[in-house]
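Reviewing the structure listed below.
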Amino acid sequence: MSGPLPITPDTKVAQLLEAYPELEPVLIAAAPAFSKLSNPVLRRTIARVTSLRRAAEVAGLPVRDLVLRLREAAGLPADVEVLPDDGGTESDGPAPWVDAARVRWTIDADRMLEAGEEPMPEVLRRAAELGPDDLGLIRSSFRPAPLIELLEGRGFRTAVVRSEGSFATFIGPRLEESP
């Protein structure tokens, strides 16, 4: 590739940090959730598939602001005309189908990542075992946007409730199995 890596909403976090290692502190300053990038498991797995668009969503930042901040720190032109003003992201409110009494399992994603474990395979395994009246719950300090996208792509319902810097992601059975 000739020239520097362009920084766009679709740039993968791992690509960004490989091309611009000096931007790691800029990411961490943008949102404390990015401090988890020092975790080697997260860096090897999720950072390779997570775009800046998804990372901004996880952090609750407007993708436009994040990309512009990174471009400026890397000494690249802003090119604001190619960036939409998305107005930021908001967490989903509680869905009517979310009922804490129906939660059959809870996974603490932060604890798993700190232990060097990847939560995604465990979440997918448990989600596949949900009965039509069951819910699963993921607790994390970040919005698990790539996991939500994957679950929804497989037909599961999700709802994210944000409370004082923590996220509760409820997983419902596949839509065809719902009551």
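Go through (1) modelled with pLDDT of 85 or more; (2) buried (at least 19 other Cβ atoms within 10 Å of the Cβ); (3) under 19 Å from Leu42 (Cβ atoms); (4) basic (Lys, Arg) for Arg71 and report which single condition fails.
Failed condition: (3).
Could you grab the pairs with beta carbons closer than 6 Å, sequence gap of 6+ or different chains, first residue in segment 113-125 and surrounded by fewer than 18 Cβ atoms within 10 Å (Cβ to Cβ), second one of a type outside the set (Ser, Thr, Tyr) and in a loop (DSSP other than H, G, I, E, B)?
Matching pairs, first to second residue: none at all.
Report, by residue number, each residue of segment 104-118 that is modelled with pLDDT of 90 or more and in contact with a strand residue (DSSP E or B) (Cβ under 8 Å, 6 or more places away or on another chain).
Arg104, Trp105, Thr106, Ile107, Asp108, Ala109, listed by residue number.
For segment 113-133, give me each residue that is in a helix (DSSP H, G or I) and aliphatic (A, V, I, L, M).
Passing the criteria: Leu113, Met120, Val123, Leu124, Ala127, Ala128.
Have a look at Leu52, Leu27, Leu23 and point out the one that is in contact with a Phe, Trp or Tyr (Cβ under 6 Å, 6 or more places away or on another chain), modelled with pLDDT of 85 or more and either among the hydroxyl-bearing types (Ser, Thr, Tyr) or not assigned by TED's automatic domain parsing to the domain that holds Glu118 (or both).
After ruling out the rest, the residue left standing is Leu27.
Here is a list: Leu137, Leu147. Which entry is buried (at least 18 other Cβ atoms within 10 Å of the Cβ) and at pLDDT below 90?
Leu147
For segment 66-77, state whether one or more residues are in contact (Cβ under 8 Å) with a residue 12 or more places away in the chain, in contact with a Gly (Cβ under 7 Å, 6 or more places away or on another chain) and not assigned by TED's automatic domain parsing to the domain that holds Pro146.
Within segment 66-77 (the criterion being in contact (Cβ under 8 Å) with a residue 12 or more places away in the chain, in contact with a Gly (Cβ under 7 Å, 6 or more places away or on another chain) and not assigned by TED's automatic domain parsing to the domain that holds Pro146), the answer is no, since none of the residues qualifies.
Tell me, which residue of segment 96-112 that is more than 19 Å from the chain's Cα centre (by Cα) and among the small types (Gly, Ala, Ser) is surrounded by the most Cβ atoms within 10 Å (Cβ to Cβ)?
Ranking the qualifying residues of segment 96-112, first place goes to Ala100.
The values are calculated or read from the model by the stated rules, or taken from the named source; none is laboratory data. Computed from a predicted model, the values in this text were never measured in an experiment. When we count neighbours, we look across all protein chains shown, and the Cβ atoms used for this are built from the backbone with ideal geometry, even at glycine.
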